[in-house]
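The values are calculated or read from the model by the stated rules, or taken from the named source; none is laboratory data. In this text the structure is predicted, and so the values were computed from the model without any measurement. Positions of Cβ are backbone-derived with ideal geometry, glycine not excepted, and every protein chain shown enters the neighbour counts.
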Amino acid sequence: MKYYYFHGYKSSPMAEKANAMRQILGHDNVSVPDFNLSAEEISDLFDSLCDEISSSKEEVCIVGSSLGGLFSLYVASRAKCNVILLNPALVPIVIIPKVTDNIDVNAVVMAQKLSLYAYEHYEADKTSVWVTDDSLINHDVLTKPYFYKGVKEYKKFDKSIAFDHQFIGFKDVFEKYIQNNG
């Protein structure tokens, strides 16, 4: 299986979760695009990623964190692949102002459109949601209700296993997931 990691807002392809996935799966099995681009460039990147994933001979799973969770759900909905969302920021109009007041309105509008598309088109049997006790997002209010069609898996991790918006403990959780799902 080929994995992609989509980082969150103000993160990078060198994020801890990306590095953990590389350590567990090997560098060649994890692709990590950089989303530190303009809204227009991200739109083009989405198109490229959808084409790349749709034409892949291997099964694909995208792992996305925070705003990268929204991006990964959008791309997975279009490319018809598996997705694991980590503390996803699925309602950008609510989340983005909590993070910054210095963001282009076009980026917020684009993110909201992605959210609406993904809401209508996600595939429940290909979608896993992993959440923690998150200081930024109330998942009972903003995440759980989003998935009106249900999901393959919705896990809320105990603080002793993983915690906070950054999903501290991800490496151990992901390693166990790979061991159990081969």
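Let's see how each residue does on (1) of a type outside the set (A, V, I, L, M); (2) within 18 Å of ASP172 (Cα to Cα); (3) in contact with a Phe, Trp or Tyr (Cβ under 9 Å, 6 or more places away or on another chain):
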residue: LYS2; (1), (2), (3): yes, no, no
residue: TYR5; (1), (2), (3): yes, yes, no
residue: GLY8; (1), (2), (3): yes, no, yes
residue: PHE35; (1), (2), (3): yes, no, yes
residue: SER38; (1), (2), (3): yes, no, no
residue: SER66; (1), (2), (3): yes, no, yes
Fill in the blank from the handout: If we ask which residues in the stretch 1-29 are exposed (fewer than 15 other Cβ atoms within 10 Å of the Cβ) and within 18 Å of VAL108 (Cβ to Cβ), their number turns out to be 1
Handout entry: strands (runs of 3 or more DSSP E) fully within the stretch 81-182 counting 1 or more residues that are in contact (Cβ under 8 Å) with a residue 60 or more places away in the chain, closer than 21 Å to LYS10 by Cα and among the aliphatic types (A, V, I, L, M)
Key = 82-86
Exercise for the section: Only one of these is modelled with pLDDT under 95 and at negative phi: ASN102, ASN82. Name it. Expected result: ASN102
Fill in the blank from the handout: Condition set assigned to a loop (DSSP other than H, G, I, E, B) and in contact (Cβ under 8 Å) with a residue 40 or more places away in the chain, scope the stretch 49-80, selection nearest to the chain's Cα centre (by Cα): answer is SER66
Completion exercise
VAL91 passes all but one of the listed conditions (1) within 11 Å of LEU114 (Cα to Cα); (2) modelled with pLDDT of 95 or more; the exception is number (2)
Practice task
Sort out which residues of the stretch 149-182 are among the hydroxyl-bearing types (Ser, Thr, Tyr) and under 17 Å from GLY69 (Cα atoms), and write them in order of number.
Solution key: TYR154
Problem - Condition check for ALA162: modelled with pLDDT under 95 and surrounded by 17 or more Cβ atoms within 10 Å (Cβ to Cβ) - result: no
Exercise for the section: Among the residues of the stretch 129-147, write down those that are in contact with a Phe, Trp or Tyr (Cβ under 8 Å, 6 or more places away or on another chain) and not β-branched (Val, Ile, Thr). Expected result: TRP130, ASP133, LYS144, TYR146, PHE147
Completion exercise
Note on SER72: of the conditions (1) closer than 11 Å to TYR9 by Cβ; (2) of a type outside the set (Lys, Arg); (3) touching a Ser or Thr at 6+ places or on another chain (Cβ under 9 Å), unmet is (1)
Practice task
Look at the stretch 26-43 and say how many of its residues are of a type outside the set (Asp, Glu), outside any helix (DSSP H, G or I) and at negative phi.
Solution key: 8
Exercise for the section: Could you tell me whether the stretch 30-44 includes any residue that is surrounded by 22 or more Cβ atoms within 10 Å (Cβ to Cβ) and of a type outside the set (Gly, Ala, Ser)? Expected result: yes
